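Coordinate-derived values only; no laboratory data. Here the structure is a predicted model, which is why all the values come from computation and not from measurement. Note: ideal-geometry Cβ built from the backbone for every residue, glycine included; neighbour counts use all protein chains shown.
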Amino acid sequence: MSRQEELKAIIETIDLTGEAPQTDPEKQYYYIAKARIYAGNLSDKLGRPLTACIRTFGCQMNARDSEKLVGILEQIGYTIIESEHADFVIYNTCTVRENANQRVYGRLGYLNNIKKSNPHMMIALCGCMMQESEVVDKIRKSYSFIDLIFGTHNIYKFAELIVTRFESKRMVIDIWKDTDKIVEDLPSERKYSFKSGVNIMFGCNNFCSYCIVPYVRGRERSREVKDIIREIEQDVSEGVIEIMLLGQNVNSYGQNITNPITFARLLQEVEKIAGLERIRFMTSHPKDLSDELIDVMSKSKKICKHLHLPLQSGSSRILKDMNRHYTKEQYLEVAHKIKKAIPDISLTTDIIVGFPGETEEDFLETLDVVREIKYDSAFTFIYSKRTGTPAAAKGNQVSEAVIKERFDRLLKEVQGISREMCARYTGNTQKVLVEGINEQDSSMMTGRLSNNFLVHFHGDPSMIGKILEVNLVECKGFYYIGELAYCINGTVH
Ligand code: 5AD
Ligand code: SF4
């Protein structure tokens, strides 16, 4: 029985005549059961099953949070659909850059129009953007059709908040500043049957001077090893073969748990899980990348050959202002060390252009690192001023025109190198996890290599979720066109 089915059986037997239990997760199971009644009544009134749509903005953390929200919605009785013409629409928001906020505001008018033709519709906003008090003030004043607002710390209370909304018929707002609470054993639905994200920690203590994450995701707290292992074992028993361990800074995992351990030791424990084939993780802060981790990665059979190692800037002066706690030279040293220990590793990175005070010389230092490390891919961002962060208060903001010009130069450099790096495996045969049908051509499947590159090849949907060997016939810049490697009797070798 899957975890979702087990929970369904528990929830169906809950006696709602009594008081709600005092402790979680039991309290939340009670509210799920209660929300089922309200949703059931509405469904009877409308004469059809209720639908829900969840839009996720931002990073893998948010994607994982959305899976938890979907798990709760399904237990309540909603059918999940892609369209926003639904009875319940949830926006799980991001606020890492200002344009993420603008995208959400831009869509709210559209949702209001849909709601006019379906007055029973509920709209919830949650996630990082809701942790900013100005945002909540603005929504309260100008978007009164929103039903429910909650933040990043209390998503586990989703069912309880839905019940409050059904009972109060007014906008419900519940935002916590921070929490040290981690609630285990809640419902959760996976987007993919064969791969899953697993939170190993929440929050961030680094306070990089440009970044809003520590303010909206709170202080760093790690999950207990036993809880992580139990979740992965459960996933594997349901068919998962690849997991992605998630944290803002996985390299500092395990400092505040009952028996503190390092991230490298956690990886070794995860590696022991039979049936699990691939382990990924993100994100690694360069300042905390230990020799122990490099050693464990180089010996592992399951950890994928990919490391995302955000550079942010190649200038030691800017890195100091960014509060990153490493210099250009230290970054280069650690990157070279890992390339030496694992020669076929794929390194990817994040780079910010136009941090306050960035000069042409600083920018050239960034280009220098990009050329030296040769990233397989790099996410490049234009610096975005986030209210409340130390960098936003700096007077020496770089002009838009200068940023744009540097950004274009960086992008050109990064893309040229990615092409070169991708091409180095042309002609090889590699193991590929087949993830789905190609979006452009339905006769092709799309799979992911250990090093995170994608390959498209002729196949059929029965291959989804399997690890197969594929010849990388042609490199198309950032992905490959491949061919399945079959032997005579038709079995894959
Ligand atoms: N402006 C631009 N990029 C940012 N990032 C974080 N904060 C900002 C900001 N204020 C980028 C960093 C981080 C990635 C997730 O987002 O590069 O690694
Ligand atoms: Fe933001 Fe820095 Fe924490 Fe990453 S490590 S989430 S960039 S503060």
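By the scheme Lys and Arg +1, Asp and Glu -1, what is the net charge of all other residues having a beta-carbon under 13 Å from that of Gly18?
On the way: positive: Lys27, Lys34; negative: Asp15, Glu19, Glu26.
After counting each charged neighbour, the total is -1.
Using the basic label-point model (7 angstrom from Cα toward the beta carbon), what is the Glu12 to Lys466 distance in nanometres?
3.4
Tell me the net charge near Lys301. Cut-off is 13 Å between Cβ atoms, Lys301 excluded, with +1 for each Lys or Arg and -1 for each Asp or Glu. Intermediate results must be reported in sequence, preceding the final value.
Working: positive: Lys272, Arg278, Lys299, Lys302, Lys305, Lys431; negative: Glu271, Glu277.
That sum, taken over residues with Cβ under 13 Å, equals +4.
Suppose we keep just the DSSP beta bridges with both residues in the chain; what percent of those would be antiparallel, to 5? Present the calculation step by step, with values, prior to reporting the outcome.
Values: 23 of 66 bridges.
That works out to approximately 35 percent antiparallel.
Quick one: net charge around Gln268, please, counting Lys, Arg +1 and Asp, Glu -1 for every other residue with C-beta under 12 Å from its C-beta.
Numbers: positive: Arg265, Lys272, Lys299, Lys301, Lys302; negative: Glu269, Glu271, Glu292, Asp295.
Residues close to Gln268 contribute a combined charge of +1.
Using the alpha-carbon centroid of each, what span in Å lies between segment 463-482 and segment 344-388?
When both Cα centres are located, 29 Å separates them.
Percent relative contact order of segment 126-196, based on C-alpha pairs within less than 8 angstrom and at least six residues apart?
Rounded, it is 31 percent for segment 126-196.
Can you flag which of Lys68/Lys116; Lys272/Lys328; Lys169/Lys195; Lys68/Lys328; Lys27/Lys305 are past 32 Å Cα-Cα? Spell out each step's value before the answer.
Working: Lys68/Lys116 28 Å; Lys272/Lys328 36 Å; Lys169/Lys195 39 Å; Lys68/Lys328 39 Å; Lys27/Lys305 42 Å.
From the list (Lys68/Lys116; Lys272/Lys328; Lys169/Lys195; Lys68/Lys328; Lys27/Lys305), the Cα-Cα distance tops 32 Å for Lys272/Lys328; Lys169/Lys195; Lys68/Lys328; Lys27/Lys305.
Need one word for segment 25-127: rounded, prolate or oblate. Basis is the Cα gyration tensor (sqrt eigenvalues a ≥ b ≥ c); a/c below 1.5 gives rounded, then a/b vs b/c decides. The partial results should precede the final answer.
Details: a/c = 2.55, a/b = 1.30, b/c = 1.96.
It comes out oblate by the Cα gyration axes.
What do you get for the angle between helix 158-168 and the principal long axis of the chain? Use alpha-carbon atoms, 0 to 90 degrees, nearest ten.
With rounding to tens, the tilt is 40 degrees.
Can you give the calculated 222 nm mean residue ellipticity of the chain, where each DSSP H run of n ≥ 4 adds -39,500 (n - 2.57) and the sum is split over every residue, rounded to the nearest 500 deg cm²/dmol? Let's see the in-between values first.
Working: 14 runs with 183 residues, N = 493.
That calculation yields -12000 deg cm²/dmol at 222 nm.
Sort 304-314, 404-414 by packing, meaning the average of other beta carbons within 10 Å per residue, with the highest value first. Present the calculation step by step, with values, prior to reporting the outcome.
On the way: 304-314: 22.3, 404-414: 15.8.
Top to bottom by mean Cβ count within 10 Å: 304-314, 404-414.
Rounded, prolate or oblate: which fits segment 64-188, taking a ≥ b ≥ c as square roots of the Cα gyration tensor eigenvalues, rounded meaning a/c under 1.5, else prolate when a/b beats b/c?
Numbers: a/c = 1.44, a/b = 1.08, b/c = 1.33.
Rounded is the answer for segment 64-188, as its axis ratio a/c remains below 1.5.
How far is helix 360-373 tilted, in degrees, relative to the longest principal axis of the Cα atoms in the chain, given as a value from 0 to 90 rounded to the nearest 10?
The angle comes out near 80 degrees.
Given an 8 Å cut-off on Cα distances and at least 6 residues of separation, report the relative contact order of the chain as a percent.
9
Cut-off under 16 Å on the C-alpha distance; same-chain residues fewer than 8 positions from Lys385 excluded. Which lysines are left, in chain and number order?
Hits, sequence-local ones excluded: Lys394, Lys404.
Decide, for segment 317-472, between rounded, prolate and oblate: order the square roots of the alpha carbon gyration tensor eigenvalues as a ≥ b ≥ c, take rounded if a/c falls under 1.5, and otherwise choose prolate if a/b is larger than b/c, else oblate. All intermediate terms of the calculation are to be shown ahead of the outcome.
On the way: a/c = 2.61, a/b = 1.96, b/c = 1.33.
Here segment 317-472 falls in the prolate category.
If you find the alpha carbon centre of segment 279-298 and of segment 153-226, how far apart are they in angstrom?
So the separation of the two Cα centres works out to 25 Å.
How big is the Rg/Rh ratio for the chain, C-alpha atoms only, Rh by Kirkwood, two decimals?
Details: Rg = 23.7 Å, Rh = 24.4 Å.
When Rh is taken as the Kirkwood radius, the ratio is 0.97.
Show me 422-428, 122-128, 52-58 ranked by packing, highest mean number of other Cβ atoms within 10 Å first. Intermediate values should be presented prior to the final figure.
On the way: 422-428: 14.9, 122-128: 24.6, 52-58: 20.0.
Those peptides, ordered most packed to least, come out 122-128, 52-58, 422-428.
Starting with the highest mean, order 32-43, 266-277 by the number of other Cβ atoms within 10 Å, averaged over the residues of each peptide. Numbers along the way, then the final one.
Numbers: 32-43: 18.9, 266-277: 16.1.
Highest to lowest by the protection proxy: 32-43, 266-277.
Which angle from 0 to 90°, rounded to the nearest 10, does the C-alpha axis of helix 400-423 make with the longest principal axis of the chain?
70
Any idea what the relative contact order of segment 279-404 is, in percent, if you count C-alpha pairs under 8 Å spaced at least 6 apart?
Numbers: 168 pairs, mean separation 32.8, N = 126.
Worked out over segment 279-404, it gives 26 percent.
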